[in-house]
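Novice: Can you read through this structure? Questions will come right after.
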Amino acid sequence: SISPFSATSRLTVAKYGLSVLGPFAKVILAVYLGCILHAVIVYSGLIMVVVKKSPLWYFSGVRESTLTAFVTRSSSATLPVTMRVAQENLGVSEGISSFVLPLGATINMDGTALYQGVCALFIAQAYGLPLSMGAQAGIILTATLASIGTAGVPGAGLIMLTLVLTAVGLPIEGVALVAGIDAVLDMARTAINVTGDSCVAAVIAKTEGELREVDRPA
């Protein structure tokens, strides 16, 4: 993967000053804030409404898999940890976790879809290209579909971003604008992907009566 602190980045900052990093800081903030809000609103809501548990109970239970995903940037590499955590900390049965979690690591990419949408908007603004409501809806649809086909390996989301840009008529060269910070963004989107996998596994286990009580703080 491309390091966000590459030699080119350091030379650019040295030549133009820290102000050149301002727009990139906004992109990073937007992606991280979006991921946090998605977890707090969507995942917490599902856990409270369906699983009948506290969000703190859930997030403390999946902390290990979320941190592993954040560091490795790979939902596939994190899968063994995710399965163990779901079974031991959440009480998800082995049958549910062994089916839902591998499937989720392949097609459930909430964070990737969010990342692609934010980056597409950033690239459009960087090139001064206005986006109609139809184009924005196209970004949402294409980013969602592209995220389903994204591999669970580091940097795959950046490659699929080209599909989103092409679908809405944005310059594919814009990918180069976010390539330097992709590793930082990849950490957040992978962490939210894995967190979502565990949430869905807990929801399915609850609805199927295969969620057992575990001795953990509520």
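The values are calculated or read from the model by the stated rules, or taken from the named source; none is laboratory data. For clarity, every value in this text was computed on a predicted model and none was experimentally measured. Glycine also receives a Cβ, built like all others from the backbone with ideal geometry; neighbour counts cover every protein chain displayed. Heads up: the accessible areas ignore ligands, DNA and RNA and are worked out on the full protein's heavy atoms, side chains in. Shrake-Rupley method; radii C 1.70, N 1.55, O 1.52, S 1.80 Å.
Novice: Based on this model, can you work out whether Ile139 counts as touching a helix residue (DSSP H, G or I) at 6+ places or on another chain (Cβ under 9 Å) and closer than 30 Å to Leu56 by Cα?
Specialist: Numbers: touching a helix residue (DSSP H, G or I) at 6+ places or on another chain (Cβ under 9 Å): yes; closer than 30 Å to Leu56 by Cα: no.
Answer is no for this residue.
Novice: State whether one or more residues within the range 99-109 are at pLDDT 90 or above, part of a helix (DSSP H, G or I) and out of contact with any Asp or Glu (no Cβ under 8 Å at 6 or more places or on another chain). Before the answer, list the steps.
Specialist: The first filter runs over the range 99-109 and keeps only residues at pLDDT 90 or above, leaving 99-102.
Going one step further and asking which of them are part of a helix (DSSP H, G or I), we end up with 99-102.
This time we only want the ones that are out of contact with any Asp or Glu (no Cβ under 8 Å at 6 or more places or on another chain), so: 99, 102.
Checked against the condition, which is being at pLDDT 90 or above, part of a helix (DSSP H, G or I) and out of contact with any Asp or Glu (no Cβ under 8 Å at 6 or more places or on another chain), the range 99-109 yields at least one hit.
Novice: Scan the range 141-158 and tell me whether some residue there is open to solvent by 30 Å² or more (accessible area, probe 1.4 Å), touching a Gly at 6+ places or on another chain (Cβ under 7 Å) and in contact (Cβ under 8 Å) with a residue 24 or more places away in the chain.
Specialist: Looking through the range 141-158, none of the residues is open to solvent by 30 Å² or more (accessible area, probe 1.4 Å), touching a Gly at 6+ places or on another chain (Cβ under 7 Å) and in contact (Cβ under 8 Å) with a residue 24 or more places away in the chain.
Novice: I would also like to ask the following. Among the residues of the range 205-218 satisfying the criterion of being under 15 Å from Gln87 (Cβ atoms) and either touching a helix residue (DSSP H, G or I) at 6+ places or on another chain (Cβ under 9 Å) or assigned to a helix (DSSP H, G or I) (or both), which is modelled with the lowest pLDDT?
Specialist: Restricting attention to the range 205-218, the residues satisfying the condition of being under 15 Å from Gln87 (Cβ atoms) are 205-206, 208, 210-216.
Of the ones still in play, those that are also either touching a helix residue (DSSP H, G or I) at 6+ places or on another chain (Cβ under 9 Å) or assigned to a helix (DSSP H, G or I) (or both) are 205-206, 208, 210-212, 214, 216.
Working: Ala205: 94, Lys206: 94, Glu208: 92, Glu210: 91, Leu211: 89, Arg212: 89, Val214: 80, Arg216: 63.
Among residues in the range 205-218 that are under 15 Å from Gln87 (Cβ atoms) and either touching a helix residue (DSSP H, G or I) at 6+ places or on another chain (Cβ under 9 Å) or assigned to a helix (DSSP H, G or I) (or both), the one modelled with the lowest pLDDT is Arg216.
Novice: Next question. What pairs can you find where one residue is in the range 116-140 and more than 14 Å from Lys26 (Cβ to Cβ), the other is small (Gly, Ala, Ser) and open to solvent by 30 Å² or more (accessible area, probe 1.4 Å), and their Cβ atoms are less than 7 Å apart, with a gap of 6+ or different chains?
Specialist: What qualifies is Gly138/Ala167.
Novice: What pairs can you find where one residue is in the range 95-109 and closer than 11 Å to Val194 by Cα and among the hydrophobic types (A, V, I, L, M, F, W, C), the other is open to solvent by 60 Å² or more (accessible area, probe 1.4 Å) and not in a helix (DSSP H, G or I), and their Cβ atoms are less than 7 Å apart, with a gap of 6+ or different chains?
Specialist: No pair meets every condition.
Novice: For Leu114, indicate whether it is part of a helix (DSSP H, G or I), on the phi < 0 side of the Ramachandran plot and open to solvent by 30 Å² or more (accessible area, probe 1.4 Å). Working first, answer last.
Specialist: On the way: part of a helix (DSSP H, G or I): yes; on the phi < 0 side of the Ramachandran plot: yes; open to solvent by 30 Å² or more (accessible area, probe 1.4 Å): yes.
Yes.
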